[in-house]
Amino acid sequence: MSSRTPTSLYRMIWAYYRLPFLKVIFLNLINAAVSVGIIAYINHTFISQPVFDTLSWLSLGYFAGLIVLLLVTTFISQYTLTCLGHKFVYELRTKLVKQIIDTKVPQIDHLGSARLIASLSSDIQSITVAFVRMPELVQGVILSTGVAIYLGWLSLPLLLIVIFWIAITIWISTILVKHVYQHLTGLRELNDLLYQDYQSIIEGRKELALNQHRAEKLYKTDFVTHAKSYEKSVIKADTFHLSAVNWSNIMMFAAIGVVFALSNYLDIPMGVATTFSLTILFMQSPLLHAVGAYPTIQTAQVALDKIHSLELSDYHPEFATNATIQNWQSISLTDIGYRYQSVEDTVQNTQDAAIQTPDTAGDILSDVNLTLKRGDVVFLIGANGSGKSTLAKIITGIFTPTIGQVRVDEKAISDANVVDYRQLFSAIFSDQHLFKQLVGREGKDPDMTLVTSWLHKLNLQDKVSVTDERLSTDKLSQGQRKRLAMLISVAEQKDILLLDEWAADQDPAFRRVFYQTLIPELKAMGKTLFIISHDDGYFEHADRLLLMKRGKLIELNAEERQRASADAISMLH
């Protein structure tokens with residue numbers, strides 16, 4: 001299921017679950033047939049003939065058997081449709097998560113975690129609720145059709161009058177439900193804003209604790225405003241929904257009076273009129289439940305539209321775990337340029353790519369040329385905003401350059417093989433996320449001898465233990481968390497390790513250990529190291545020293561390296 005499949009909930013069910021859904025329809029037809037049979041039996045046995053002439057233990061036994069059969073068929077049909085619904089929700093949830101994993105990082109960054117979490121929680125929940133209520137809608141429609149056939153056989157004129165009456169009722173209910181749908185769309189937009197508020201409150205908890213004025217503004221100006229708007233919209237939506245249900249309820253009762261009033265004019269037997277009235281009472285609950293279930297289907301449609309608006313990658317069940325580039329000797333970046341693009345600008349910028357130049361305003365990187373050789377220890381320095389982290393993400397394949405080419409040896413990296421290319425790298429970025437599960441080379445179990453050894457090298461042996469290949473905790477200081485990230489990266493045994501300001505969070509003593517001990521050991525393990533650093537006292541440990549300045553990359557010669565080692569700050573501007 002890709003982001004470009006039809007967004008209609010019904011079309012998706014028909015496209016991907018046609019046979020199971022037809023099975024559900026068949027079971028509901030059986031259930032409707034049993035229901036019609038009970039109505040016919042009541043009409044034939046208890047209404048059309050004198051009751052005491054036909055009433056017997058046998059007739060009561062038949063009636064009880066029909067009731068039990070109705071109970072069984074109703075349960076089976078509802079259970080089957082419920083299972084189908086939850087299967088659909090399960091597959092939608094798992095596919096959505098896989099699509100998020102496969103979607104390019106810039107698109108995920110653009111969407112933001114609040115919007116994604118809202119879809120994974122609120123939208124999926126809305127679709128789940130819709131499928132829980134869908135049996136009521138399906139049964140109501142099928143049962144109404146079956147009952148209408150039977151009533152038409154009893155009296156077609158009276159049936160047409162009842163159908164007209166119910167059609168008017170449903171028409172007005174539909175008008176009310178359209179207002180429900182309009183408000184549900186607004187509610188979903190407000191839900192995104194509320195999730196953003198939740199994220200700000202939780203992630204900014206330290207800053208809010210230090211500044212009550214900011215906390216008050218966030219709470220009163222943003223959160224309370226959005227919460228109040230949500231309250232008003234949901235009240236309006238529920239008001240229209242309740243109006244639709246109450247209107248349908250009242251009009252169904254009124255239909256009974258219409259049946260008896262018109263039966264005299266149409267010369268319809270009282271027994272038939274009574275059957276019609278009892279049938280309307282029998283159908284009142286299924287119809288009202290069907291009317292009540294429809295807004296949940298509309299809510300699910302809003303949620304599904306929201307999910308598709310994320311514009312995630314197409315769904316592919318496989319993970320690229322088998323193909324890894326082997327025995328590479330060099331990675332080259334040729335005439336690389338990069339600029340951040342909004343989703344709205346992507347198409348236009350793609351069309352304009354041919355006329356872009358490296359000097360185009362807004363470029364983060366321009367005319368970057370670099371060759372990394374296997375076994376290199378490369379340090380990169382540069383001022384904030386110079387493009388260091390962007391370059392790191394292009395080197396690792398997380399970002400795709402706007403212009404230029406990345407090659408491994410002589411093989412160009414493209415969308416077709418970039419996932420394989422990324423598998424060469426372990427990286428510790430400044431906003432690194434820690435996973436407690438350790439993963440070894442090519443996804444195998446980690447080498448526990450290596451893990452134990454590096455726990456000691458990183459001075460974490462008294463802070464963290466490893467049980468069943470999982471870390472006991474990640475609740476450590478920022479510097480220790482970076483060391484833990486190093487442990488996780490070493491356990492992966494990838495060819496290349498990229499470190500973005502890793503040593504900045506270390507105390508002076510361990511910073512020295514990193515440069516003087518850990519870097520030589522990592523190099524001895526055969527790793528290629530690309531390290532963003534400003535520790536000019538340790539530049540001697542680099543094979544090569546690069547400088548990023550205003551999006552341009554410069555490799556420093558011996559004289560420039562000496563100047564940088566003496567005072568790196570003077571070279572940044």
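All of the numbers you see were taken from the coordinates with simple rules; none came from a lab. Remember, predicted model here, so these are calculated numbers, not experimental data. Please note: Cβ atoms are built from the backbone with ideal geometry, for glycine as well, and neighbour counts cover all protein chains shown.
FRET efficiency for the pair residue 415 and residue 278, taken as 1/(1 + (r/R0)^6) with r the Cβ-Cβ distance and R0 = 60 Å, rounds to 0.35. Karplus-based coupling profile of the range 367-377, in residue order and whole Hz: 6, 8, 10, 7, 10, 9, 9, 4, x, 5, 10, with θ = phi - 60° in 6.51 cos²θ - 1.76 cosθ + 1.60 and x standing for Gly or Pro.
Summing Lys and Arg as +1 and Asp and Glu as -1 over all other residues whose Cβ lies under 12 Å from the Cβ of residue 224 gives a net charge of -1. Between rounded, prolate and oblate, where does the range 422-514 land on the alpha carbon gyration tensor, with a ≥ b ≥ c its root eigenvalues, rounded for a/c under 1.5, else prolate if a/b exceeds b/c? It is oblate, given that a/c is not under 1.5 and a/b is not larger than b/c. Note on the chain: Rg/Rh from C-alpha atoms, Kirkwood Rh, equals 1.15. Put simply, the C-alpha atoms of the range 473-525 give a gyration tensor, and the ellipsoid matching it has half-axes of 18, 15, 9 Å, longest first. Largest first, the three principal axis extents of the alpha carbons in the range 167-325 are 81, 54, 20 Å in whole numbers.
The shape of the range 397-439 can be summarised by an equivalent ellipsoid whose semi-axes, obtained from the alpha carbon gyration tensor, come to 25, 13, 8 Å from longest to shortest.
State which helices in the chain qualify, where a helix is a whole DSSP H run, it must extend 20 Å or more along its own axis by its Cα atoms, and its mean Kyte-Doolittle hydropathy must be at least 0.0. Those that clear 20 Å and a mean of 0.0 are 18-42, 57-102, 124-154, 156-203, 224-265, 270-309. The chymotrypsin sites (Phe, Trp or Tyr not before Pro) found in the range 424-453 that occupy coil by DSSP, while having at most 14 further C-beta atoms within 10 Å, are 435.
Phi angles across the range 532-540 convert, under the Karplus curve 6.51 cos²θ - 1.76 cosθ + 1.60 with θ = phi - 60°, into 3J(HN,Hα) values of 8, 7, 10, 7, 4, x, 10, 5, 5 Hz, Gly and Pro given as x. Distance from the C-alpha centroid of the range 521-535 to that of the range 81-104: 40 Å, rounded to the whole angstrom. Amide H contacts under 5 Å for residue 553: 369, restricted to partners 5 or more places along the chain or on a different chain, H placed in the peptide plane at 1.01 Å from N. Computed on the Cα atoms alone, the convex hull of the range 9-309 gives a volume of 155 cubic angstrom per residue. Across the chain, the longest piece that holds none of the trypsin sites (Lys or Arg not before Pro) lying in DSSP loops with up to 15 other C-beta atoms within 10 Å covers 105-373. Quick one: net charge around residue 179, please, counting Lys, Arg +1 and Asp, Glu -1 for every other residue with C-beta under 12 Å from its C-beta. Cβ neighbours under 12 Å give a net charge of +1. When only alpha carbons are used to place a centre, the range 153-181 and the range 273-290 end up 13 Å from one another.
Residue 197 sits among other residues whose Cβ lies under 15 Å from its own Cβ, and their net charge, with Lys and Arg +1 and Asp and Glu -1, is -1. Over the range 9-309, what is the relative contact order in whole percent, taking alpha-carbon pairs under 8 Å and six or more residues apart? The normalised contact order for the range 9-309 reaches 30 percent. Within the straight-line cut-off of under 19 Å between alpha carbons, the lysines reachable from residue 87 are 23, 95, 98, sequence neighbours fewer than 8 places apart in one chain being disregarded.
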